[in-house]
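No value in this document is a laboratory result; all are computed from the given coordinates. Owing to the predicted nature of the structure, the values given are computational and were not obtained by experimental measurement. Ideal geometry is used to build each Cβ from the backbone, glycine not excepted, and the neighbour counts take in all protein chains shown.
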Amino acid sequence: MKRVEALLRFIWDFVTGDDWRIAAGVVLALGATSLASNGGNAVWWILPLAVAMLLALSVWAARRSR
Amino acid sequence: MSGPGFGLAISVFLACAVEAVEALTIVLAVGTTRSWRSAFIGVGAATAVLAVVTLALGPALTALPLSALRVVVGGLLLIFGLQWLRKAILRASGLKALHDEEAAFEHETAAARAAGRVDRSFDAYSFAISFKGVLLEGLEVVFIVLTFGANQHRIPLAAVAAAVALLVVVAAGIAVRAPLARVPENALKFGVGVMLTSFGIFWGAEGAGAHWPGGDAALLAIIPATLAFALMLVAALRGPRTSARDEDRATEAVRA
């Protein structure tokens, strides 16, 4: 059981890295793009905008914590 | 070679080179201090595990429908790319210490010496540290090779780029017989982070149903825009004022 727990923790750490909010934000942004594209709208801008915001927020949070 | 193919080869080569430099430092430290034989067995075992992971995940990824594949690949590239870029930005702006291979080598060497008596037949410490180091550094490379390669149906090209990087780093390590401290690791990580993030944005959005203005040519705008934004963040983090001079300083810091 402990080994399974350790493996799951390793996978979580491997995917989320130093800031889990980046992984969560990427998943949300991809979901939002997918939902918005169903209406036939131009949705290419959603992901770059989300990525820029995620990166800026993440490095700013790191700066504040130091 | 096409533009995306060239981007694939360069990104995989640089990512693999950076990780290989870090793994080399660990193997050199336990090999020179304790047991080369056990360290090499650890490297071989980790390589075998990485090969199994590649063989298991590769066909699974390529079996996905194109749009699902692009969402998965784009998402993974974005998650890994943003992690690399975040770390490189924090290092370039002075908020995180630069990775120092000589310091890492000294740290690993001291830990290896403190680990007690060396078993001449099989040194478990050398094996475990080499195995763990190569596996952890290699796992990210495997994901990059698989995601880039699967999406363009060019896993062999990605694998060759990774193998060439590995050979170059190992040859350099054998030649200097010391950690490769002069490799500009942060600049490489910055570059790889920009490439992974850019391709992740492009493929992720396409997979989720977006259509890029200009089609594939949009990448020619996404890559420089990502680089410019990352440099702007470095300049902004380094001081309250952002100016052309700060941008120049940020570029120099990334190169350091």
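3J(HN,Hα) couplings calculated from phi for region B:195-208 with the Karplus curve 6.51 cos²θ - 1.76 cosθ + 1.60 (θ = phi - 60°) are, in sequence order, 5, 4, 5, 5, 5, x, 4, 5, 6, x, 5, 4, x, 7 Hz; Gly and Pro show x. What translational diffusion coefficient, in µm²/s and rounded to a whole number, does the Stokes-Einstein relation yield for chain B at 20 °C and a viscosity of 1.002 mPa s, taking the hydrodynamic radius as the Kirkwood radius over Cα pairs? In µm²/s, the coefficient rounds to 110. With both labels modelled 7 Å from their Cα along Cα-to-Cβ, the B:A63 to B:A97 distance reads 4.6 nm. Rounded to the nearest whole angstrom, the semi-axes of the ellipsoid equivalent to the protein assembly as shown, taken from the Cα gyration tensor as √(5λ), stand at 34, 24, 18, largest first. Mean-square fluctuations from a GNM of chain B, with a 10 angstrom spring cutoff on Cα atoms, peak among B:V118, B:V142, B:V21 at B:V118.
Under 16 Å Cα-Cα from B:K189, which aspartates and glutamates qualify once same-chain neighbours fewer than 8 residues away are excluded? Answer for B:K189, where 16 Å is the Cα cut-off: A:D18, B:E19, B:E22, B:D100, B:E101, B:E137, B:E140, B:E252, listed by chain and number. In a reduced charge model with +1 at each Lys and Arg Cβ and -1 at each Asp and Glu Cβ, chain B shows a dipole moment near 260 debye about its Cα centre. Legend: calculated FRET efficiency, B:I174 to B:F6, from the Cβ-Cβ distance at R0 = 25 Å, rounded to 0.05, equals 0.30. Considering only C-alpha atoms, what is the centroid distance from region B:54-108 to chain A, in Å? Answer, in whole Å: 13.
In this structure, A:L35 and A:V15 have a Cβ-Cβ separation that, at R0 = 30 Å, corresponds to a calculated FRET efficiency of about 0.85. Helical content of the protein assembly as shown, expressed as a calculated mean residue ellipticity at 222 nm, amounts to -27500 deg cm²/dmol (DSSP H runs of 4 or more residues, -39,500 (n - 2.57) each, divided by residue number, nearest 500). Using the Karplus relation 6.51 cos²θ - 1.76 cosθ + 1.60 with θ = phi - 60°, the per-residue 3J(HN,Hα) values for region B:24-38 come to 4, 4, 5, 5, 4, 4, 6, x, 6, 8, 10, 9, 5, 4, 5 Hz, with x marking Gly and Pro.
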